[in-house]
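Read through the structure below, which is laid out as structure tokens, and then see the notes.
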Amino acid sequence: MIQQVSALEACAIFEAIQPYLRIQPYRRDSGARKVRHRIEFYGVPRELIIRAIAATMPCVSCGDPIHPFRVRKTGRDHRMPEDHHGFYFACACPLDKRIACSRTAAAAQEYEAVVRRLGPDRP
Ligand SMILES: [Zn+2]
């Protein structure tokens, strides 16, 4: 199934945050054949981060409300991301809530749709 618009693009705040979007390919581990992508936002102004963190959407897997814009829990200060990394988009429940949601076909399709529509190799 091809999604016409990714869940990310459907977020009300997407238009405001799109200029900060940086989709980065990375390999999850050295054995991974398939290149995965991080859907990150760099250099987002503080007030926009606060708005984005408050945004909600349905989990693409189970439909529960989630906060799709999240601060990666690394580094010393967990409350705010660093200037250039650590703020990212996720379309499914956090791992500490429901691990299975991030591993469904629906979640994979959403990330593929985001990369295809907004990623570095988009037409
Ligand atoms: Zn879920």
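Values in this text are rule-based calculations from the coordinates and carry no lab data. All of these numbers come straight from a predicted model, not from anything done at the bench. Here the Cβ positions follow ideal geometry from the backbone for every residue, glycine too, while neighbour counts run over all protein chains shown.
Arranged by the count of other C-beta atoms within 10 angstrom, fewest first, what order do L95, L21 take?
Working: L95 12, L21 17.
So the ranking, lowest neighbour count to highest, is L95, L21.
Efficiency by 1/(1 + (r/R0)^6): what FRET value for I99 and E47, r their Cβ-Cβ distance, R0 = 41 Å, to the nearest 0.05? Walk me through the numbers on the way to the answer.
Working: r = 32 Å, r/R0 = 0.79.
Here the calculated transfer efficiency is 0.80.
Would you mind calculating the gained length between R70 and V35 on full extension (0.36 nm times residue separation, minus the Cα-Cα distance), in nm to one decimal?
On the way: separation 35, 0.36 × 35 = 12.60 nm, distance 2.20 nm.
Value of the extension gain: 10.4 nm.
May I ask you to sort E110, E40, E47 by Cβ crowding, counting other Cβ atoms within 10 Å and putting the fewest first?
E47, E40, E110
Within a Cβ distance under 14 Å of C93, other residues only, what is the Lys/Arg minus Asp/Glu net charge? Intermediate values should be presented prior to the final figure.
Working: positive: R70, K97, R98, R103; negative: D64, D96, E110.
Once all neighbours under 14 Å are counted, the net charge is +1.
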